Structure formats: C-alpha cells, structure tokens
Amino acid sequence: MKIGLQMPRFVVPGGTQAIGRELLDVARHAEEAGFDSLWVMDHFFQIQWVGEVDDPMLEAYTTLGAIAAVTQRVSLGTMVTGVIYRHPGILVKTVTTLDVLSGGRAYFGIGAAWFEREALGLGAPFPALKVRFEWLEEALQIAHQMWSENGQLYEGKHFKLEETLNRPQPVSQPHPPILIGGMGEKKTLRLVAQYADACNLFARQGMDVIRHKLDVLWQHCEDLGRPYEEIEKTTLSSVHLAPDKQSAADVIDFCQQLSDAGIHHALFNMPNMYDRTPLDIFGKEILPVVHEF
C-alpha cells in the first residue's frame, strides 16, 4: 500500500516570506521519510474545512514545480484540479510540463470543481453542475488525444482545439496517471471507468461507503469492458498524530482497514505537518508497516 501526503495549508511560522522555505523543507522531509506521493489542492481561496478564506493559498502547478525541483522520487499531483480554472488544452500542457521536468512523476488529478466563491471572486466561469461535468468529460477526451501524439482537430460541444499538438510528450508512459476525484455514482465513477487510471474517495465516509463506491466502479467497468484491476483506488483523509489525538497504531489500523476494503494508495493531510514530528513518526513507525499491506 502506498501513502501520500496532501499539503493544503500554508500558514507557517515566519509569515509569507517563510512559506517557500517551510513548504519545500516539508516536501524534502516527507520524501526522506518514505512517503510515496505529495499533493496540493487546486484552490485560489482557502476552503472552510482547512482554514479561513483569506489564509495564504498558493497556485497549485507553480507549487508542484517548486516541489519537483527539490525532490527526486515522490509522485506529484493536485487533489484535484477544477476543470473550470484552465482551458483543457493549456491544462494538459501544464501537466505534461510538470511530468517532463520531474522526470515522469506527475499525476493528472481532475474533477468537476465546486468552490463557487473563488470562481466568481476571480472571474472564472462557474456553469451549472451538468455543464461542468460535460466540460470534465471533454477535458478527459482532450487529454487522451493530446497524449496520443495525433495532433488533430478536437471538436466537442464546449471546446474546439484546431491542433492538439503537444511536444514534448510526457515522460510517463503512456501518459501521467489520470485521477478523477469524487464519489458520484452515475457520472464521476462512470468517467473513472471510461477515462481514468485512478479514483479518489473520501475515507471519512467510512469503510462501508468505500466498499459500496468500489462496487459501483466495478459495475461501470463491467458495463464498459474495462478491467477493474487497472484502476488505482485512492482515498483522502486527515490524521493528527499527537499524544492526545491519534497514535501511529491508530493510523496503521486505519490503513489496514482501507487496504482490506480495496484501497491501494491512502493520502493524508496533517494539521501539524510543519512541526516535522508527524512526518518522522510516519517514516519510522507507520510507513515500514503499511508498505507491506
């Protein structure tokens, strides 16, 4: 089983001038500890479950590029990119660039987007949910076409690309793993089965819900003739390693439950990651055990 670290918060000791130093040190520390992947949210305003709306927030792909420069092994991705924020052709080029410069370590995390306040605040389009899902499917089609080296016309209902030229092609082969975030049974998981290499589910919903969602994904795969085993199953949750909160044994037990439910890659965010201590606990006590699941 793989373990990833999501880094959603940029309030650090020392303020704005220290954000870069602190964040990159955490990234290096996490890689040295043995984490398999590092993730950032694709938001422009902070979300309410993490902090205050006007807390510091960094643009995702610039941040991942900086992290790529100070790491060597960990995979890198957004958890997840909102399809409304960048034209699909530019987004695929951005992910390709991250993959090339990191030596083939990029994930392409994407979803239909939900944070209306930041979209309207910064002037991004925020159409109805049905339209956002149509955009998402077209973006997935565009990604596959741009990563197929055919360079031809793409014409969908919402997007038209005269020439899907993409040079260089990714280092990852056949392309960076496409991960779709979300748990919707009719649309999201169907898109996973049809277009993606990985799904992401919210572990806080509980093991019964996770098993059910994976059963739904399995059925979509059956309906489409897609091998279910090809899809990486990932989850996102929070952990607070501290004497009065959670222990290493608690996290190991939770990861065992996830593994038993069919999860391959568990992603965690930690409110105290800038203390470095929880990263060390993961490296010394948790990752050696969980990697054997």
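The values are calculated or read from the model by the stated rules, or taken from the named source; none is laboratory data. Bear in mind that the values here come from a model prediction, so they are computed numbers and not experimental data. Neighbour counts are summed over all protein chains in view; Cβ atoms, including those assigned to glycine, are modelled from backbone coordinates with ideal geometry. The area values use the complete protein model at the heavy-atom level, side chains included, leaving out ligands, DNA and RNA. Shrake-Rupley method; radii C 1.70, N 1.55, O 1.52, S 1.80 Å.
Determine ³J(HN,Hα), in whole Hz, for all residues of the stretch 30-46 in sequence, where each value follows from phi through the Karplus function 6.51 cos²θ - 1.76 cosθ + 1.60 and θ = phi - 60°; x replaces Gly and Pro.
These are the phi-based 3J(HN,Hα) values: 5, 5, 5, 6, x, 4, 8, 8, 10, 9, 10, 6, 9, 10, 10, 10, 5 Hz.
Measure out, as a whole number of angstrom, how far apart the alpha-carbon centroids of the stretch 12-29 and the stretch 214-293 sit.
Rounded to whole Å, the Cα centres lie 25 Å apart.
What order do you get for 147-154, 233-240, 68-75 when each peptide is scored by the mean count of other beta carbon atoms within 10 Å, highest first?
Numbers: 147-154: 14.4, 233-240: 20.2, 68-75: 16.0.
Put in order of decreasing packing, that is 233-240, 68-75, 147-154.
Rounded to whole Hz and in sequence order, give me ³J(HN,Hα) for the stretch 144-157 from the Karplus expression 6.51 cos²θ - 1.76 cosθ + 1.60, θ = phi - 60°, writing x for Gly and Pro.
4, 5, 5, 8, 9, 6, 8, x, 8, 5, 10, 9, x, 5
Helix-only estimate, please: 222 nm mean residue ellipticity of the chain, summing -39500 (n - 2.57) across DSSP H runs of length 4 or more and dividing by its residues, to the nearest 500. Write out the running numbers ahead of the final one.
Values: 10 runs with 117 residues, N = 293.
Dividing the helical sum by the residues of the chain leaves -12500 deg cm²/dmol.
At what distance in nm do the modelled label points of Glu292 and Ala249 sit from each other, each positioned 7 Å from its Cα along Cα→Cβ?
Here the modelled spin labels are 1.7 nm apart.
If ligands, DNA and RNA are left out, what is the accessible area of Met270 with a 1.4 Å probe, given in Å² to the nearest 10?
10 Å²
For the pair Phe202 and Lys157, how long in nm is the line joining their label points, each one 7 Å along Cα→Cβ?
Between Phe202 and Lys157, the simple spin-label model gives 2.6 nm.
Would you work out the charge dipole size for the chain about its Cα centre, treating the Cβ of every Lys and Arg as +1 and the Cβ of every Asp and Glu as -1, and quote it to the nearest 20 debye?
Computed about the Cα centre, the dipole is about 400 debye.
Projecting each Cα onto the charge dipole of the stretch 114-221 (Lys/Arg +1, Asp/Glu -1 at the beta carbon, about the Cα centre), which of Leu136, Trp114, Gln152 comes out farthest on the positive side?
Trp114
Show me, for the stretch 105-120, the HN-Hα J-couplings you get by feeding each phi into the Karplus relation (A = 6.51, B = -1.76, C = 1.60, θ = phi - 60°), rounded to Hz, glycine and proline as x.
For the stretch 105-120, the Karplus-derived couplings read 10, 8, 9, 10, x, 8, x, 7, 6, 8, 8, 4, 4, 6, 4, 5 Hz, x marking Gly and Pro.
Return the subset of Lys157/Lys233; Lys186/Lys233; Lys2/Lys213; Lys93/Lys284; Lys93/Lys187 for which the Cα-Cα distance in this structure is over 27 Å, preserving the input order.
On the way: Lys157/Lys233 30 Å; Lys186/Lys233 18 Å; Lys2/Lys213 20 Å; Lys93/Lys284 38 Å; Lys93/Lys187 25 Å.
From Lys157/Lys233; Lys186/Lys233; Lys2/Lys213; Lys93/Lys284; Lys93/Lys187, over 27 Å: Lys157/Lys233; Lys93/Lys284.
Which length gain, in nm to one decimal place, applies between Val209 and Val131 when the Cα-Cα distance is subtracted from 0.36 nm times their residue separation?
On the way: separation 78, 0.36 × 78 = 28.08 nm, distance 2.69 nm.
Full-extension gain reported as 25.4 nm.
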